[in-house]
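To start, the structure itself, in structure tokens.
The values are calculated or read from the model by the stated rules, or taken from the named source; none is laboratory data. These numbers come from a predicted model, not from an experiment. Don't worry about glycine lacking a Cβ; one is built from the backbone with ideal geometry, like all the others, and counts go over all protein chains shown.
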Amino acid sequence: MSHQEKYNRKLLLTLLLLVVITLVYALYSNRERSVVDVTLFKPADITAINEVTLERGQEKTTLNFDGVRWNVNGELADRNLIDVLFATLQQAQPVRPVAKAMRDSLSRVLTASAVNVSLRSDGQTQLQFLAGGNTRKSEAYFKRAGDDAVYVMVIPGYRVYVSGIFELDKSGWKDRHVYQLNWRNFQSMEATFPESPKDDFRVSFIDNYFSIENMTAVDTTKLNDYLDAVSLLTVDEYLEDNEAHEKLINTPPQVTITAFDIGGRSYSLALYQTGPAAGKNYGLINQAQLAYFDRKKLEGIIKTRSSFALSR
């Protein structure tokens, strides 16, 4: 047998071996995927879920539906995020279990640092699992309570980090509208400028339309634009910073805008000229919740009494 024939024979054997390895791997992979139940992390009736708890360490966030709206720890929740949550629960699927060699270590990591998700219907737990991921947030892992297996989770057709929605903290779930106003119950609104009282004004419902008290010539178009801007104002981000909060409580704000409803409830926002970064302003909502706002967003909000004078 010539050298060339030996070489060709060796090459053929190598190719046959590669084909066999490829077929075995394909058969094994298909078998592994085929045993994954894609409904493993779906509640039997997702429409019946009216409470979701998210626990990690000492932090617990409770989302619940009160028959009218979704709340987070007793405050109004962001409806768009609730929709994202349920879309995730509906569409997320386990694509494969993690390799056995990684299972124990990942299980320990999830137990220590992942979010414990509980889905309830009228107080009864329908499904409970851990949701977490790798440090780069590029791969999500779920693990059912009482099951040793850990699964890689995806939403088919999308490249998203599935566990991200579950990892939001309480403030991340809150509705970002500052003024939860029902205009049918609106009574009045006042803006006060501690450093310049002459700029103060009060808006009331007078003779079936909004006007500024003790001001005879009011530009109603500017006033209506202002009220729209106030009603639509949203927070850029809620903050948990006790030091900044205490400092602002003892600092005169640039302006405080307070709305009152016919039930006597008030909703206030104190705005400051400082902020956590350039182009951002601090705000205190009801003197309790610290937040910041993009400065451009406040241009339609920080108005003085003279801003509404009718041009002659």
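Applying the condition of being touching a residue at least 24 places away in the same chain (Cβ under 8 Å), surrounded by fewer than 22 Cβ atoms within 10 Å (Cβ to Cβ) and of a type in the set (A, V, I, L, M, F, W, C) to the range 154-164 and asking which residue is farthest from D104 (Cα to Cα) yields I155.
Yes or no: the range 161-174 includes at least one residue that is acidic (D, E) and assigned by TED's automatic domain parsing to the domain that holds E139. Scanning the range 161-174, I find at least one residue that is acidic (D, E) and assigned by TED's automatic domain parsing to the domain that holds E139, so the answer is yes.
Going by the structure shown, is N242 over 30 Å from V95 (Cα atoms), touching a residue at least 40 places away in the same chain (Cβ under 8 Å), within 30 Å of the chain's Cα centre (by Cα) and exposed (fewer than 12 other Cβ atoms within 10 Å of the Cβ)? Here the answer is no, as N242 does not meet what is asked.
Criterion applied to L63, L85, L81, L89 was being over 30 Å from Y179 (Cβ atoms), surrounded by 18 or more Cβ atoms within 10 Å (Cβ to Cβ) and among the aliphatic types (A, V, I, L, M), and the one residue passing it is L89. Scanning the range 105-136 for residues that are loosely packed, with under 12 Cβ neighbours inside 10 Å and not hydroxyl-bearing (S, T, Y), which turns out nearest to G157 (Cα to Cα)? So the residue we want is R136.
Taking each residue of the range 256-269 that is exposed (fewer than 13 other Cβ atoms within 10 Å of the Cβ) and looking for partners that are part of a strand (DSSP E or B) and at pLDDT below 90 with beta-carbon atoms closer than 9 Å, six or more apart or interchain, yields I262/F186; I262/Q187; G263/Q187; G264/Q187. Considering (1) more than 30 Å from G283 (Cα to Cα); (2) in the same structural domain as T216 (by TED's automatic domain parsing), the lone condition that Y158 does not fulfil carries the number (2). Within the range 191-227, which residues are of a type in the set (D, E, K, R) and within 13 Å of I302 (Cα to Cα)? Passing the criteria: D199, D200, K222, D225.
Look at A145 and say whether it is out of contact with any helix residue (DSSP H, G or I) (no Cβ under 6 Å at 6 or more places or on another chain) and in contact (Cβ under 8 Å) with a residue 40 or more places away in the chain. No.
Within the set R144, R184, R202, the sole residue that is surrounded by 14 or more Cβ atoms within 10 Å (Cβ to Cβ), over 20 Å from the mean Cα position of the chain (by Cα), among the basic types (K, R) and closer than 30 Å to I262 by Cα turns out to be R202.
Sort out which residues of the range 270-290 are surrounded by 13 or more Cβ atoms within 10 Å (Cβ to Cβ) and among the aliphatic types (A, V, I, L, M), and write them in order of number. A270, L271, L284, I285, L290, listed by residue number. Apart from one condition, T221 fits all of (1) surrounded by 12 or more Cβ atoms within 10 Å (Cβ to Cβ); (2) modelled with pLDDT of 90 or more; (3) under 28 Å from K198 (Cβ atoms); (4) not aromatic (F, W, Y); the exception is (1). Within the set T258, T221, T304, the sole residue that is more than 27 Å from the chain's Cα centre (by Cα) and either closer than 15 Å to F201 by Cα or of a type in the set (D, E, K, R) (or both) turns out to be T304. Any idea which residue in the range 99-154 is nearest to I46 (Cα to Cα), counting only those that are among the hydroxyl-bearing types (S, T, Y) and assigned to a strand (DSSP E or B)? Once the filter is applied, the top-ranked residue is S121.
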